[in-house]
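See structure below.
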């Protein structure tokens, strides 16, 4: 069975870059009728917060990205210790003691000699007595994985065939001196144990993938299929990572972005398929194909979310907004008509508030000086309530006959006098809903 996972760290709010990864993995599982795991990578005890874990789940639920099960790495520490012992016994995990300063000096020396700055495996040569002496000096040991120094290859689902020379990569640190298990190790153990078959993640993880393939194999596991999607940039190609904090899903939701708009954009961004509004995840899954995505950096512009949000909101049936409209104080007898008139003139659902305020309280008239006498005469001719869909046509017809005005010169000054705007719903539809008109 196809099994995918989304594995965020609960150290902050998830953003559009995280969503791209989550959605791709979700759609693969959905399309195949498989399983989607939400795994909270929370081994960083200092930075992981329950409020962020709750926020991640709330964001995914808002989008409809439901998971088949949830896992927490903090519940699996005993399993990581067991896997570490297995690797030590196999000679693949070894203790080292260099400080960050010493490692930096080694790297600089290697670069000066024209060599790649790869860890020199000095820790492998330490005897038990030497390790004991280092501990006596107050040094704390941490653990590196010993890579087989041959080529690591896999057919990547997006970027094509990948081949990395393991000799050009430092043996990765898997366990810190304080015992914290790092991402590279915990993720590998989890992916093997949980039967993950497909992993999609950002192109910045390619080197991680190479080392994790060997870690999984050293544990007797079968590596999953990997695909690495392109990284997002800003609309001008600028680095987006510094702005991701302002593009959290929480903030986009609060701004009024529709979930279907966000999903529709992120499911096609960077592919050769055009972005089009899709109202269900099944529709998105049906047309989803990793082979249609490219490896080049992908431009993301949050402004692209608004036309899609507008399209989605304007297609909502009245039942979907009835409670919201009732909460605004719109009387039940006019609520369906209010929605029919206002829906074509909103982007965000919050825009409904402004239209109801206008209809309930009236607008400050906008009257150009050259139109003042005309508007005054026209308002004197305004028939008494109740107004109907025919009122606008009957009234403007009478005003035209009395003043000789026609076309835009007739209609625009009257619209601006009644609504304070030069745009909006058809006036014939709006007139029956206007509760108040300011005639001064």
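The table that follows gives values for the structure above.
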quantity	calculated
Set 57, 73, 86: member being modelled with pLDDT of 95 or more and surrounded by 21 or more Cβ atoms within 10 Å (Cβ to Cβ)	73
Qualifying residues in region 305-320 (those that are part of a helix (DSSP H, G or I) and out of contact with any helix residue (DSSP H, G or I) (no Cβ under 6 Å at 6 or more places or on another chain)) - the one surrounded by the most Cβ atoms within 10 Å (Cβ to Cβ)	313
Neighbours by Cβ (under 8 Å, 6+ apart or cross-chain): first from region 251-280, part of a strand (DSSP E or B); second buried (at least 16 other Cβ atoms within 10 Å of the Cβ)	271/293
Subset of region 327-346 that is in a loop (DSSP other than H, G, I, E, B) and buried (at least 18 other Cβ atoms within 10 Å of the Cβ) - its residue that is nearest to the chain's Cα centre (by Cα)	346
In region 391-421, the residues that are surrounded by fewer than 14 Cβ atoms within 10 Å (Cβ to Cβ) and in contact (Cβ under 8 Å) with a residue 40 or more places away in the chain	421
Test for residue 147: is it surrounded by 15 or more Cβ atoms within 10 Å (Cβ to Cβ), assigned to a helix (DSSP H, G or I) and touching a residue at least 24 places away in the same chain (Cβ under 8 Å)	no
So residue 143, is it closer than 22 Å to residue 90 by Cα and either in contact with a strand residue (DSSP E or B) (Cβ under 8 Å, 6 or more places away or on another chain) or modelled with pLDDT of 95 or more (or both)	yes
Hits in region 163-173 - residues which are surrounded by fewer than 16 Cβ atoms within 10 Å (Cβ to Cβ) and in a strand (DSSP E or B)	163, 165
Qualifying position, being assigned by TED's automatic domain parsing to the domain that holds residue 58 and farther than 24 Å from residue 239 by Cα, among 260, 333	260
Residue within region 223-238 that is assigned to a loop (DSSP other than H, G, I, E, B), under 30 Å from residue 174 (Cβ atoms), over 18 Å from the mean Cα position of the chain (by Cα) and not assigned by TED's automatic domain parsing to the domain that holds residue 8 present	yes
Odd one out for residue 237, checked against (1) in contact (Cβ under 8 Å) with a residue 60 or more places away in the chain; (2) within 30 Å of residue 89 (Cα to Cα); (3) out of contact with any strand residue (DSSP E or B) (no Cβ under 6 Å at 6 or more places or on another chain); (4) surrounded by fewer than 16 Cβ atoms within 10 Å (Cβ to Cβ)	(2)
Flag for residue 295 being more than 20 Å from the chain's Cα centre (by Cα), at pLDDT below 95 and outside any helix (DSSP H, G or I)	no
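The values are calculated or read from the model by the stated rules, or taken from the named source; none is laboratory data. All of these numbers come straight from a predicted model, not from anything done at the bench. All Cβ positions, even for glycine, are placed from backbone atoms using ideal geometry, and neighbour counts span all protein chains on display.
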